[in-house]
Amino acid sequence: MTTLTGCPALDLRTTTASATHVTPAGAAWLASASAQPGGTLAAWQARPTAPAVLPCGTAFDVVNVPLVLGRRMLDLLWAEGPGSGPAAVHRGRTLLFAAPGTAHRLPALLAWEEWSTPVPAPLCHGRGDAVTVPPLAGEAGPSRWLVAPDARLPWLPGPEALLWAFVRATRAADIDFSDRRPGC
């Protein structure tokens with residue numbers, strides 16, 4: 001991996017990284033989702049504070065839920081479950097990075113659960129979709145990392161873990177989801 005000295009979050013000389021800053025290995029993993037990983041890394045070196053659009057379905061899928069619900073899901077995944085993979089906030093929504101194939105499988109699991117609460121189903125982004133990822137450096141703002149990628153092959157939850165967290169989070173509290181959007 002090349003040292004990207006123009007970006008503090010990608011500088012290999014940095015010995016510690018915050019949970020909200022993408023490490024060089026995490027940046028390489030994110031870039032691997034694109035058709036041109038080297039070009040993606042070069043673009044991040046030139047503009048480390050800019051978000052990027054990456055395709056889903058090969059390196060990761062994304063489960064997209066309202067902000068409060070997403071925070072509750074993360075809390076549950078870390079407190080009572082297997083933990084989470086990378087997670088971000090973008091435009092008032094929580095983006096939970098998941099194993100490839102999750103976007104296809106999670107809606108079927110929700111249907112099997114006979115999901116019929118006032119909480120809308122999560123938006124699932126998989127093969128053929130793209131998502132905006134926050135800048136690599138974790139700065140306060142509308143687009144930021146909650147759990148930044150820190151490994152070349154991060155652990156990513158699958159559909160079963162996210163189903164468990166989603167169901168538990170929605171049943172644990174009354175949450176107003178007045179901005180209902182269509183499901184996966």
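Annotation: PHE177 fulfils all but one of (1) open to solvent by less than 20 Å² (accessible area, probe 1.4 Å); (2) modelled with pLDDT of 70 or more; (3) part of a loop (DSSP other than H, G, I, E, B); the unmet one is (2). Scanning segment 32-70 for residues that are within 30 Å of ALA172 (Cβ to Cβ), open to solvent by 30 Å² or more (accessible area, probe 1.4 Å) and in contact (Cβ under 8 Å) with a residue 60 or more places away in the chain turns up just one, VAL68.
Looking only at residues in segment 149-170 that are open to solvent by 30 Å² or more (accessible area, probe 1.4 Å) and of a type outside the set (A, V, I, L, M, F, W, C), the one that is nearest to the chain's Cα centre (by Cα) is ASP150. Can you find a residue that is of a type in the set (Gly, Ala, Ser) and either at pLDDT 95 or above or surrounded by 23 or more Cβ atoms within 10 Å (Cβ to Cβ) (or both) anywhere in segment 89-96? Scanning segment 89-96, I find no residue that is of a type in the set (Gly, Ala, Ser) and either at pLDDT 95 or above or surrounded by 23 or more Cβ atoms within 10 Å (Cβ to Cβ) (or both), so the answer is no.
Rundown of residues vs (1) among the β-branched types (Val, Ile, Thr); (2) modelled with pLDDT of 95 or more, yes/no style:
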| position | (1), (2) |
| --- | --- |
| LEU12 | no, no |
| VAL22 | yes, no |
| ARG47 | no, no |
| ALA50 | no, no |
| CYS56 | no, yes |
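The values are calculated or read from the model by the stated rules, or taken from the named source; none is laboratory data. These figures come from a predicted structure and were not determined experimentally. With ideal geometry, Cβ positions are generated from the backbone for all residues, glycine too; neighbour counts draw on all protein chains shown. Calculation scope for accessible area: heavy atoms of the full protein, side chains included, ligands and nucleic acids excluded. Shrake-Rupley method; radii C 1.70, N 1.55, O 1.52, S 1.80 Å.
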